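One structure is given here, and the rest of the page talks about it.
The values are calculated or read from the model by the stated rules, or taken from the named source; none is laboratory data. Predicted model, so just to flag it, every value in this text is computed and none were measured. Cβ: placed from backbone, ideal geometry, glycine included. Neighbour counts: every protein chain shown.
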């Protein structure tokens, strides 16, 4: 089944391990990693959008 995304695609950094990940940012500001169901592969759900201020939770 195909999932439709609204918002934009950007890069973020996992605050747990420092890994860069591609994310969808929805219109409400929620960041969701692309290709991962929840958070980073290290287990952290705390992502910092590159070029942005405070952390977002996936």
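Which one is surrounded by the fewest Cβ atoms within 10 Å (Cβ to Cβ) among residues in the range 30-58 that are at pLDDT 85 or above and farther than 12 Å from residue 15 by Cα? Step by step, filter the range 30-58, then rank; the result is 34.
Restricting to the range 2-26, and then to whatever is assigned to a loop (DSSP other than H, G, I, E, B), in contact with a strand residue (DSSP E or B) (Cβ under 9 Å, 6 or more places away or on another chain) and exposed (fewer than 13 other Cβ atoms within 10 Å of the Cβ), can you tell me which residue is modelled with the highest pLDDT? Even if it seems obvious, please write down each step before you answer.
Start the filter on the range 2-26 by keeping residues that are assigned to a loop (DSSP other than H, G, I, E, B), which leaves 2-7, 15-19, 26.
Then keep just the ones that are in contact with a strand residue (DSSP E or B) (Cβ under 9 Å, 6 or more places away or on another chain); that gives 5-7, 15-16, 19, 26.
Imposing the further condition that a residue be exposed (fewer than 13 other Cβ atoms within 10 Å of the Cβ) reduces the set to 5-6.
Numbers: 5: 58, 6: 68.
Checked the range 2-26; the qualifying residue modelled with the highest pLDDT is 6.
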